[in-house]
1. What is the percent carbon and sulfur in the accessible area of the chain, measuring with a 1.4 Å probe over the protein chains and ignoring ligands?
2. Cross-link candidates for Lys135: which lysines have Cα within less than 25 Å, leaving aside residues fewer than 8 places away along the same chain?
3. If you place +1 on the Cβ of every Lys and Arg, -1 on the Cβ of every Asp and Glu, and leave all else neutral, what size is the dipole of the chain about its Cα centre, to the nearest 20 Debye?
4. Which sequence of Lys34, Lys128, Lys241 reflects their accessible areas, 1.4 Å probe, from the largest down?
5. From Cα pairs below 8 angstrom and at least 6 apart in sequence, can you work out the relative contact order of the chain, rounded to a whole percent?
6. Could you tell me what percent of the DSSP beta bridges with both partners in the chain are antiparallel, to the nearest 5?
7. Residue by residue, what Karplus-based ³J(HN,Hα) values in Hz, rounded to whole numbers, does the stretch 299-315 have, using 6.51, -1.76 and 1.60 with θ = phi - 60° and x for Gly and Pro?
8. Keeping every protein chain in place, order Ser85, Ser235 by accessible area at 1.4 Å, biggest value first, i.e. largest first.
Amino acid sequence: MNVKNIKNRLESNQKLCVVLKANAYGLGAKKICKTLSSVADYFAVSSVAEFFEIRWLTNKPILLLDPIYENITKIASFGCEFCVSNLTQFELVKKEAKRHKNIVYKIHIKLNTGMNRFGFKNLDDVLKVVEDSLKTQNIFISGVFSHYFDAKSTKFAKKQLLLMENIKEELAGRFGLKRTIFHISNSDGLEKFCRFDMARVGMKVYDDSKFETIKWHSKVIEIQEIKSGETAGYSSAFVAKKDTKIAVVQVGYADGIMRRIAGRGFVLIRDKFCKILAVCMDSILVDVTNRKVELYDDVILIGKDQENQIFICDVASWCDTIGYEVITNISSRVKRKYKSGEICKLLLENIEQENSSVLTQTQPDRP
């Protein structure tokens, strides 16, 4: 799903927060932040280091999603809005705020509505945080939020939604909080349960089964012919049951190819699906028996080749994992290229790495 489609799903008064944590899921936080700064209303990261990586690239608010216990005043002084998840953390914030009255501490109160990772479960604790914040001149409640942990389950999502609605009603009735942003929707929540004032969207900015937004490709660097009974790969990973032609592709587990894909996953060479037989550190071995394949042919790991396509969800299925792990596992030695007009070309001028494996992202469309 590109950004234009995401924006079209939102109500006119709903904000869009683009999540850039984990280097924008491994795809390049700096480039995506700068490109989408005119479109997004917010950005979100998960650590102080990630905040400072994009701080100077945008004038939009940046939310730090995970609770922090150090450098609170430092990040507040640079305008970071951050999660408050428990009373111990909030007491630290309050203490810092009283010591540094010239700095505004913008917080988003995290509610635990069922995921049991971060957040307040007790309403009395939430009320205390709000009351104490309103009494402290330089603590500003920018947001109150939670997170769908299984939006594909109507049962769980509706339960979380009801909890969020009840808490919003309670806080609005007691304190007003007219400028506070309530948010719970993530990428999965966009489909059915996109409510409140903002949606935080990560994966769907970068990947959608209806579009080719990411293409990962490499090259054939060797071709081997083996006889029935011969083996290929470490520890005899593959044993040939018949005469087999093998293409060696320059990409391996050091680049992010998971070893468990061997014997289950495929690549595309000349618009044909070819099975992955073994995975080495810097190469994979692919079955190209009875296929016309030549040295330096293009190999598609994720993306489209004429009529056929390999999606991130396909790779995830072959590896018994999820798409998030697939793309965040792609290592830094894979060269990133961004294709979407002059702005993206400019952003890529200084990217140079010696590796035949290339990850190309088609930048999300702007509305």
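The values are calculated or read from the model by the stated rules, or taken from the named source; none is laboratory data. The structure presented is a predicted model; accordingly, all values stated were derived computationally and were not measured. Cβ: placed from backbone, ideal geometry, glycine included. Neighbour counts: every protein chain shown. SASA here: full protein model, heavy atoms, side chains in, ligands and nucleic acids out. Shrake-Rupley method; radii C 1.70, N 1.55, O 1.52, S 1.80 Å.
1. On the way: 8260 of 17710 Å².
Roughly 47 percent of what the probe reaches on the chain is carbon or sulfur.
2. Straight-distance partners of Lys135: Lys74, Lys94, Lys95, Lys98, Lys101, Lys106, Lys110, Lys121, Lys168, Lys178.
3. On the way: 57 positive and 44 negative charges, 184 e Å.
Dipole size: approximately 880 debye.
4. So the residues, ranked largest to smallest area, are Lys241, Lys34, Lys128.
5. Reported as a whole number, the value is 15 percent.
6. 50 percent
7. After applying 6.51 cos²θ - 1.76 cosθ + 1.60, I find 10, 9, 8, 9, x, 10, 9, 6, 8, 9, 8, 10, 8, 4, 5, 5, 4 Hz.
8. Accessible-area ranking of Ser85, Ser235, largest first: Ser235, Ser85.
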